[in-house]
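The values are calculated or read from the model by the stated rules, or taken from the named source; none is laboratory data. Note that this is a predicted model, so its numbers are computed, not measured. We place every Cβ from the backbone using ideal geometry, glycine too, and count neighbours over all the protein chains shown. The area values use the complete protein model at the heavy-atom level, side chains included, leaving out ligands, DNA and RNA. Shrake-Rupley method; radii C 1.70, N 1.55, O 1.52, S 1.80 Å.
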Amino acid sequence: MTQRVELATVMDRLAVDALVTDYAVAVDDGDWEAYRGLFTADGRADYRSAGGIEGDAQHVAAWLAESLRLFSMRQHLIVNRRIRFDAVDQDPDTAHVQADYINPMRLADDTSATAPDFVCGGRYAFALLRTDDGWRLREVVVREKCRRLPDPRPAPVIN
């Protein structure tokens, strides 16, 4: 590889990594306009393994906006990002990212809580396409692996 190709690859990796971060921030902040803007025109998301829906980004953003109103705090932590660009003999303007996530959330009606009420974790599969506007999400698939719900027992009183 030439230095120019290596530099282009590094720049693509940084752009793809930033897109994944922008995805997490848009969901956590409830910025559904930004969320929709991260996808290609035909982009889709699949949250079925986490009890959600699958569909185009517009439809899924509306569902997320309604569903996540239950939580006053959301904080995606997306780690172990594996970025793979498709082989040159295939489509060089596509990429795939596999990344693990942990997502603590606090219920909106739990104003006394200092810790998350709900924590889920799993793995994302992102399919990306380079467009004239930069890298965009073509598909997001959530594979939830674990979920911790609030403990129904009252917390012990410590004096």
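As a calculated quantity, the FRET efficiency between Arg13 and Ala34 at R0 = 30 Å, using C-beta atoms, amounts to about 0.90. Loop-resident chymotrypsin sites (Phe, Trp or Tyr not before Pro) (DSSP state other than H, G, I, E or B) in the stretch 1-105 with no more than 15 further Cβ atoms inside 10 Å of their Cβ are absent. Counting heavy atoms of the protein chains alone, Val79 has an accessible area of about 70 Å² for a 1.4 Å probe.
Let me check something: with ligands and nucleic acids excluded, how do Asp17, Asp132, Asp46, Asp29 order by accessible area (1.4 Å probe), largest to smallest? Can you show the working numbers first?
On the way: Asp17 60, Asp132 165, Asp46 25, Asp29 115 Å².
Heavy-atom accessible area, descending, gives Asp132, Asp29, Asp17, Asp46.
Hey, with R₀ at 30 Å, roughly what FRET efficiency would Thr21 and Arg148 work out to, going by the Cβ-Cβ distance, to 0.05? The value I calculate is 0.80.
How much length would be gained if the chain were fully extended between Val119 and Asp56, taking 0.36 nm per residue of separation minus their Cα-Cα distance, in nm to one decimal? Write down the numbers at each step before the final one.
On the way: separation 63, 0.36 × 63 = 22.68 nm, distance 2.57 nm.
Working it through step by step, the gained length comes to 20.1 nm.
Only protein heavy atoms count here; on that basis, with a 1.4 Å probe, Glu144 has an accessible area of about 40 Å².
In this label model, Glu6 and Arg81 are separated by 2.2 nm, measuring between points 7 Å along each Cα→Cβ vector.
Of Ser72, Ser67, the residue with the largest accessible area leads and the full order is Ser72, Ser67 (1.4 Å probe).
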